[in-house]
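The values are calculated or read from the model by the stated rules, or taken from the named source; none is laboratory data. Please read all numbers here as calculations on a predicted model, not as lab measurements. Ideal geometry is used to build each Cβ from the backbone, glycine not excepted, and the neighbour counts take in all protein chains shown. Calculation scope for accessible area: heavy atoms of the full protein, side chains included, ligands and nucleic acids excluded. Shrake-Rupley method; radii C 1.70, N 1.55, O 1.52, S 1.80 Å.
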Amino acid sequence: MAKKAVAAANSNPDANDVEQLLHAYEQMAKIREFEEKANELYMKALMPGLTHLYSGQEAVAVGVCEALRKDDYITSTHRGHGHCLAKGAAVDRMFAELLGKEAGFCKGKGGSMHIADPDSGNLGANAIVGGSMGIATGAALSSKMRGSDQVAVCFFGDGAVAQGLLFEVMNMAALWNLPVIYVCENNNYSEYTHRTETLAGEITDRAKAFGIHTETVDGQDVQLVQATMEKLVERARRGEGPAFLECLTYRYYGHHVGDINRTYYRSKEEEQEWRENRDPLKLLGEKLIGQKLTDQAVLDHIQEDVKAEIEAGVQFAIDTPYPDQSQVTEDVFA
């Protein structure tokens, strides 16, 4: 689909760059539409359990994952749908997992917060705050011991940087010069509390204490996230060790889908400011049109294709069967 868009903008000599940017736009649009539909499924009581929506943070997942190869690793969080999709997870199997269906990535047993797809390098989401930090560091150690040039990426939020596990694994990663990149999605809130009430000092200072290379970027600019990440990935592949990337971003919805009235911890004006002036999809779309790399019709076509894919994925998940009760103990280890 992105190639069609490039054809519509074939007057640009850097067609490959345009195609890549349109692909990034498509990926972000897919994540946004997926989350809107997930929220709808929850409100209609079609989805069991809770989910934590990623809307607003799309540029981080897409920018980071576009800099990775398929065989590179990621570990995710409780707010992980965007990471999974950006790394290559199929929409239909994602929705099937959310609805607890057998066709889901974890046969319906993982649900929203425990989706994993090893085939695309996704070692899994985790409902424990900071829980996947050790998994990503372990994957990086495995890569180094096997002589592979694979890189591991660990996503986590600003609320997780006070977890002791992060300090333990960063210490190991620095000592052993591991190819791991710690990506902090700083969306300003640890559940319902602003970061100024939970974090002392600068987030990146925690990594600097171990001699780890750090970067801080605007997490709403997908081009900037990807360009910065590409440098960090190549650095890791060359054997130059771990890095820490802080992405300044924002979640549009509450901590989870049941967090509806948020005025007691953040204002509607703040939310509106980010949605209207700092939206990653809007920023990239305006840049593409402003630089005459494409036009609104192409972006509209991408949105239409994405909506059709999402609708088809939802219908697949609704129609596909639940796992048989006999499977309840399969793939369960103590």
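Hey, with R₀ at 41 Å, roughly what FRET efficiency would Phe167 and Glu304 work out to, going by the Cβ-Cβ distance, to 0.05?
0.30
How large a share of the accessible area of the range 10-100, in percent, is made up of carbon and sulfur atoms when the probe is 1.4 Å and the other protein chains stay in place?
Taking all protein chains in place, the range 10-100 shows 47 percent carbon and sulfur surface.
For the chain, modelled as a GNM with alpha-carbon contacts under 10 angstrom, which of Asp119, Asp324, Asp295 fluctuates the most?
Ranking Asp119, Asp324, Asp295 by mean-square fluctuation puts Asp324 first.
Might you tell me the accessible area per residue for the chain, computed with a 1.4 Å probe and given in Å²?
Per-residue accessible area for the chain comes out at 43 Å².
Output the antiparallel fraction of DSSP beta bridges having both residues in the chain, as a percent to the nearest 5.
10 percent
Just name one of Gln57, Ala139, Ser112: the one whose Cα is farthest towards the positive end of the charge dipole of the range 37-150 (beta-carbon charges, Lys/Arg +1, Asp/Glu -1).
Ser112
Add -39500 (n - 2.57) for each DSSP H run of 4 or more in the chain, then divide by its residues: what number comes out at 222 nm, to the nearest 500 deg cm²/dmol?
Helix contribution divided over all residues of the chain: -14000 deg cm²/dmol.
Spin-label point model (7 Å from Cα, Cβ direction): what's the Glu234 to Lys208 distance in nm?
In this crude spin-label approximation the distance works out to 2.5 nm.
Please give the length that would be gained between Gln315 and Ala45 if that part of the chain were fully extended, namely 0.36 nm times their separation in residues minus their C-alpha to C-alpha distance (nm, one decimal).
95.7 nm
In nm, what is the difference between 0.36 nm times the number of residues separating Asp295 and His194 and their Cα-Cα distance?
Fully extending the segment from Asp295 to His194 adds 32.5 nm.
Using Cα pairs closer than 8 Å and at least 6 residues apart in sequence, work out the relative contact order for the range 206-259, in percent.
Here the relative contact order equals 42 percent.
Shape call for the chain from the C-alpha gyration tensor, a ≥ b ≥ c root eigenvalues: rounded (a/c under 1.5), prolate (a/b greater than b/c) or oblate?
In terms of gyration-tensor shape, rounded.
How much length is gained if the chain between Glu286 and Gln272 is pulled fully straight, taking 0.36 nm per residue apart and subtracting their Cα-Cα distance, in nm to one decimal?
Separation in residues times 0.36 nm, less the Cα-Cα distance, equals 3.2 nm.
What's the local net charge at Ala227, with K and R +1, D and E -1, over the other residues with C-beta under 14 Å away?
-4
Give me the percent of accessible area attributable to carbon and sulfur for the range 213-334, probe 1.4 angstrom.
The computed percentage sits at 52.
Tell me whether the range 35-146 comes out rounded, prolate or oblate; compute the Cα gyration tensor, take square roots of the eigenvalues as a ≥ b ≥ c, and use a/c under 1.5 as the rounded threshold.
Cα axes put the range 35-146 in the prolate bin.
List the relative contact order of the chain as a percent without decimals, with contacts defined as Cα pairs under 8 Å and 6+ residues apart.
23 percent
Sort 257-263, 19-25, 92-98, 298-304 by the packing proxy (mean of other Cβ within 10 Å over each peptide's residues), most packed first.
In decreasing order of mean packing, 257-263, 19-25, 92-98, 298-304 become 92-98, 19-25, 298-304, 257-263.
Give me the compactness ratio for the range 236-334, meaning the Cα radius of gyration over 2.2 N^0.38 Å.
Output field value: 1.69.
Distance check, please: which entries in Lys30/Lys87; Lys70/Lys231; Lys107/Lys307; Lys44/Lys87 exceed 21 angstrom between their Cα atoms?
Lys107/Lys307; Lys44/Lys87
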